Amino acid sequence: MIEETFSIPNWRRNINIFLVGQFFSGITSMVVQYSIIWYLTKQTGSATILSFATLLGMLPMVLLSPLIGPFVDRTNKKVLLIVPDIVAAVIAIILAVVGIVNKDFPLWLIFVSLLMRSIAQTFQMPTIQSIIPTMVPSKELTKMNGQLGMIQSANMIIAPALGAFLFSIIPITMLILLDVVGAVIGVTVILFVKIPEHPVFDEKIKLLSDMKFGLNQLRDNKGLWYITLMGMVFTLLFMPAASLYPLMTMSYFKGTVAQAGIIEMIYSIGMLAGGAVIGFMGNWSDRMKPILMSMLVMGIGFGVSGFLPGNQKGFMWFAILNAVAGIATPFFNTLLMAMIQQSYPPENLGRVLGILNSLMSIAGPVGLIFAGPLADKIGVNSLFVIGGVGTLACGLFAFLVPAVRNIDVLLQEKIKSELKAKD
């Protein structure tokens, strides 16, 4: 693997500055996102409108990721991180001005803003995923992905509460301008962060051939290819349950809106704890073992939730199971991402991640479409049983298929042999 990271003076300080910037720009963006969703809920009260808004947030990742991958490999990484922040700030200013002038937001403009925000995130996600392995030593990669996951989980905990408080005291037209604050912070931090480049900027981008290249690179690694297919199945089976957490709390357990928020917070706190374990203790010789264990824990947690009694006692157990499942959740995504980052050279990583992110996300909208009708027909608790059983089935598949089970053992052997060859 490439070890340029050692050439960065004070690499730990450099990556810490980057992570701090990600925290502050991420939390302002999420507060604005929540505020827009709450505004739609308050103004329309329509489940269809909210579902459409959710789809707008998911579709760019599915449709555009394969097209964005080549740009990630061929464009200056700082530019790819800075431009989306500037675009988000401009959109926020436009929304705020229209809201002040009209005393209201046209629905179409809100949808356009949600779409543009999602497109910006679709550019930034693979860029961040592709630069992390160039900024830290290979042996620290798993820990750094865990710390990035901690930041994302912390944002998920803080943003809803902070957003709800600000939404109650600040006009939405002013609250949206937090995106401008986040953009200023994000851009300023990126300007001071050293990001190693692998310049292939002069190569012409050929979208179709570059997409084919990314797909072939992923398919040639049988273990990662099978995990990608497994991730698609998991997303399809679990998305209906994941999208109806509030309904599970309020309808099945007869809870309140506050309790629905508590469940979301408990799950996020669990994810933060799991990310902390990875971020500070994450040196495993075989990362598939904790991945398989996390799938077992998540499967049991989600599956058992569907059999709990529909009362407050059942809700208490639901909260406990969600805390445990939350702790297990980061292990799959974080450790898998570290393995992917170590499996490909940085100059190819964007194209591979573009294909992988798209395939991993493509089943989400399909599951979301069927969430409501399925819940009405078989009960929302049954969707959690399906999600739990599906998770266990995917874990069993990973355990039984040697190419998946042994993927990290083979990868670690390859890394060691490459380091010996360099010595």
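In debye, nearest 20: dipole of the chain around its Cα centre with unit charges on the Cβ of K, R (+) and D, E (-)? Working shown, then result.
On the way: 27 positive and 20 negative charges, 68 e Å.
Its charge dipole is roughly 320 debye.
Determine, at each q value in 0.11, 0.14, 0.21 (inverse angstroms), the log₁₀ of I(q)/I(0) that the Debye formula gives when each Cα of segment 195-289 is one equal point scatterer.
-0.68, -0.93, -1.11
Whole percent per 10 Å bin, from 0 to the bin with the longest distance: what is P(r) over all C-alpha pairs of segment 296-380?
14, 29, 33, 17, 7, 1
Debye sum, Cα scatterers, segment 32-164, no solvent: what log₁₀ I/I(0) at q = 0.11, 0.16, 0.18 1/Å?
Debye curve over Cα of segment 32-164, log10 I(q)/I(0) at q = 0.11, 0.16, 0.18 Å⁻¹: -0.50, -0.98, -1.16.
On full extension of the chain, what length is gained from VAL181 through PHE165, given 0.36 nm per residue of separation minus the C-alpha to C-alpha distance?
Here the segment from VAL181 to PHE165 would lengthen by 4.0 nm.
Restricting things to alpha carbons, tell me how big the chain is in terms of Rg and Dmax, in Å.
21.4, 67
Considering Cα pairs under 8 angstrom that are at least six residues apart, work out the relative contact order of the chain and quote it in whole percent. Before the final figure, lay out each step's value.
On the way: 625 pairs, mean separation 118.8, N = 423.
Averaging sequence separation for qualifying contacts and normalising by length gives 28 percent for the chain.
R0 = 30 Å: FRET efficiency of LYS212 with PHE370, Cβ-based, nearest 0.05?
Details: r = 31 Å, r/R0 = 1.03.
That gives a FRET efficiency of 0.45.
Quick one: divide the alpha-carbon radius of gyration of segment 217-256 by 2.2 N^0.38 Å and tell me what you get.
Working: Rg = 16.3 Å, N = 40, 2.2 N^0.38 = 8.9 Å.
Dividing the Cα Rg of segment 217-256 by 2.2 N^0.38 Å gives 1.83.
How big is the gap, in Å, between the Cα center of segment 214-234 and the Cα center of segment 76-150?
26
For the pair VAL257 and GLN312, what calculated FRET efficiency results from E = 1/(1 + (r/R0)^6), where r is the Cβ-Cβ distance and R0 = 22 Å, to the nearest 0.05? Spell out each step's value before the answer.
Values: r = 15 Å, r/R0 = 0.69.
FRET efficiency, GLN312 to VAL257: 0.90.
Could you report the chain's accessible area per residue, 1.4 Å probe, as an integer in Å²?
On the way: 19010 Å² over 423 residues.
Solvent-accessible surface per residue comes out at 45 Å².
How many nm separate the modelled label positions at ASN16 and ALA242, each set 7 Å beyond the Cα in the direction of the Cβ?
3.3
Indicate the helices, whole DSSP H runs only, in the chain that combine a mean Kyte-Doolittle hydropathy of 0.0 or more with a Cα extent along their long axis of 18 angstrom or more. Display every interim value, and only then the final one.
On the way: long enough: 11-44 (49 Å, 0.38); 47-74 (41 Å, 1.44); 77-102 (38 Å, 2.24); 107-135 (42 Å, 1.08); 141-169 (41 Å, 0.99); 178-192 (22 Å, 2.48); 207-220 (19 Å, -0.26); 222-242 (29 Å, 1.38); 257-281 (36 Å, 1.57); 288-305 (25 Å, 1.51); 312-343 (47 Å, 0.88); 346-378 (48 Å, 0.86); 380-400 (31 Å, 1.91); 407-422 (23 Å, -0.25).
Result, helices passing both filters: 11-44, 47-74, 77-102, 107-135, 141-169, 178-192, 222-242, 257-281, 288-305, 312-343, 346-378, 380-400.
How big is the equivalent ellipsoid of segment 358-423 along its three axes, where each semi-axis is √(5λ) from the Cα gyration tensor, reported in whole Å from largest to smallest?
40, 15, 7
Defining a contact as two alpha carbons under 8 Å apart and six or more residues distant in sequence, what relative contact order in percent does segment 270-410 show?
On the way: 122 pairs, mean separation 60.2, N = 141.
Result for segment 270-410 is 43 percent.
Okay, helix-only estimate at 222 nm for the chain: each DSSP H run of n ≥ 4 adds -39500 (n - 2.57), divide by all residues, round to 500 deg cm²/dmol; what do you get? Walk me through the intermediate numbers first.
Values: 16 runs with 349 residues, N = 423.
Using -39500 (n - 2.57) per qualifying helix, the result is -29000 deg cm²/dmol.
What does the convex hull of the alpha-carbon atoms of segment 256-404 project to on average, in nm²?
Working: hull surface 41.8 nm².
Average of the hull's projected areas for segment 256-404 equals 10.4 nm².
Based on DSSP loop calls and a cut-off of at most 14 other Cβ atoms within 10 Å, the longest stretch of the chain free of exposed chymotrypsin sites (Phe, Trp or Tyr not before Pro) is what?
No qualifying site falls inside 1-200, the longest such stretch.
How much of the accessible area of the chain, in percent, comes from carbon and sulfur atoms when a 1.4 Å probe is used?
Details: 13570 of 19010 Å².
On the chain, the fraction of accessible area on carbon and sulfur atoms equals 71 percent.
Over segment 65-222, calculate the relative contact order: mean separation of alpha carbon pairs under 8 Å at least 6 apart, over the residue count, as a percent.
Values: 109 pairs, mean separation 74.5, N = 158.
It rounds to 47 percent for segment 65-222.
Identify which of SER65, SER209, SER268 has the largest mean-square fluctuation in a Gaussian network model of the chain, with springs joining Cα atoms closer than 10 Å.
The residue with the greatest mean-square fluctuation here is SER209.
Assuming R0 = 60 Å, can you tell me the calculated FRET efficiency for the pair LEU296 and VAL87, based on Cβ-Cβ distance, to the nearest 0.05? If you can, show how the numbers build up before the last one.
Details: r = 42 Å, r/R0 = 0.69.
Using R0 = 60 Å, I get an efficiency of 0.90.
With the calculation restricted to Cα positions, what are the radius of gyration and Dmax of segment 110-219 in angstrom?
When restricted to Cα atoms, segment 110-219 yields Rg and Dmax of 18.2, 52 Å.
Using 0.36 nm per residue, how much length does the chain from GLU413 to LYS289 gain when fully extended, once their Cα-Cα distance is taken away?
On the way: separation 124, 0.36 × 124 = 44.64 nm, distance 1.62 nm.
So the extension gain works out to 43.0 nm.
Using a 7 Å offset from the Cα along the Cα-to-Cβ direction at both TRP108 and THR44, what is the distance between the two label points in nm, to one decimal?
1.4
The values are calculated or read from the model by the stated rules, or taken from the named source; none is laboratory data. Bear in mind that the values here come from a model prediction, so they are computed numbers and not experimental data. A quick note on method: Cβ atoms are made from the backbone with ideal geometry, for glycine too, and the neighbour counts reach across all protein chains shown. All accessible areas refer to the heavy atoms of the entire protein, side chains included, with ligands and DNA or RNA removed. Shrake-Rupley method; radii C 1.70, N 1.55, O 1.52, S 1.80 Å.
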